[in-house]
Amino acid sequence: RPAATGGDMVQEAHFAPGGGQLLVATRGPDGIGAVRVEPLLVPDPPVPPRILPGHCGSIYCLRVSPDGRRAATGGSDAAVCIWDVPTLVCVRTLVQHDKFVRSVGFSHCSGYLASSSEEDRIEVCEADTGRAVGAVQARGGADEICWHPSEYVLAYAPGDNKPGA
């Protein structure tokens, strides 16, 4: 079923672990983003979705970690928010970018989080602490990033339309 977004623009959506909820990154008419938590099955009587503010601008990207413990969002405020999925609380906000965050992704072990923007690098940090561990050079930034499913290999779609990995 389509997510009921109350008129907000859907930027990205992912199922929470277990599949009972859908996490939806949205942008409201005022330009402010939120994470909406939509139940997969509509209870009777219907319950309104939980709306979780976490950015002071649009949310452009959302990912759930492979172990299901965390989610990450990135947005126009150049911040990356790390969420505790069981409690749906933003536990950490990272401000390592100067431009809007285009993509976020967790490593296969859920221990590392990468984030990209229009800047010439992809930032990598520890997912639990937010401590920076390195950066991957990416001329023109990266529109999309993803980790290999079983190795510490990061692939990206470059922002300048030149091949990269």
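The values are calculated or read from the model by the stated rules, or taken from the named source; none is laboratory data. For clarity, every value in this text was computed on a predicted model and none was experimentally measured. Backbone-built Cβ (ideal geometry, glycine too); neighbour counts: all protein chains shown. Please note that ligands, DNA and RNA were not included when accessible areas were found on the heavy atoms of the full protein model with its side chains. Shrake-Rupley method; radii C 1.70, N 1.55, O 1.52, S 1.80 Å.
Inspect all residues belonging to the range 81-96 and state whether any of them is in contact with a Phe, Trp or Tyr (Cβ under 7 Å, 6 or more places away or on another chain), within 22 Å of GLY31 (Cβ to Cβ) and aliphatic (A, V, I, L, M). No.
Among the residues of the range 72-87, count how many are part of a strand (DSSP E or B) and over 10 Å from the mean Cα position of the chain (by Cα).
The total comes to 1.
Within the range 138-157, the presence of at least one residue that is among the polar types (S, T, N, Q) and either in contact with a Cys (Cβ under 7 Å, 6 or more places away or on another chain) or part of a loop (DSSP other than H, G, I, E, B) (or both) is confirmed.
Please enumerate the residues belonging to the range 69-80 that are farther than 21 Å from MET9 by Cβ and surrounded by 21 or more Cβ atoms within 10 Å (Cβ to Cβ). Spell out the reasoning first.
Of the range 69-80, the ones farther than 21 Å from MET9 by Cβ are 69-70.
Within the range 69-80, ARG70 is the sole residue that qualifies.
Residues that are under 23 Å from TRP147 (Cβ atoms) and in contact with a Pro (Cβ under 8 Å, 6 or more places away or on another chain) within the range 36-65 comprise just one, VAL64.
Every test in (1) more than 16 Å from ALA114 (Cα to Cα); (2) under 11 Å from the mean Cα position of the chain (by Cα) is passed by LEU62 save one, and that test is (1). A count restricted to the range 6-35 and to residues that are open to solvent by less than 20 Å² (accessible area, probe 1.4 Å) and touching an Asp or Glu at 6+ places or on another chain (Cβ under 9 Å) stands at 7.
Could you say whether any residue in the range 116-124 is open to solvent by 40 Å² or more (accessible area, probe 1.4 Å), within 29 Å of GLY19 (Cα to Cα), at pLDDT below 95 and not basic (Lys, Arg)?
Filtering the range 116-124 down to residues open to solvent by 40 Å² or more (accessible area, probe 1.4 Å) leaves 118, 120-121.
Among the residues that remain, those that are also within 29 Å of GLY19 (Cα to Cα) are: none.
The answer is no, given that none of the residues of the range 116-124 is open to solvent by 40 Å² or more (accessible area, probe 1.4 Å), within 29 Å of GLY19 (Cα to Cα), at pLDDT below 95 and not basic (Lys, Arg).
Counting only strands (runs of 3 or more DSSP E) wholly contained in the range 1-71, the ones carrying 2 or more residues that are touching a residue at least 40 places away in the same chain (Cβ under 8 Å) and β-branched (Val, Ile, Thr) occupy 33-39, 59-64. Scanning the range 81-115 for residues that are at pLDDT below 95, crowded, with 16+ Cβ neighbours inside 10 Å and more than 25 Å from GLY20 (Cα to Cα) yields LEU94, GLN96, HIS97, PHE100, VAL101, ARG102.
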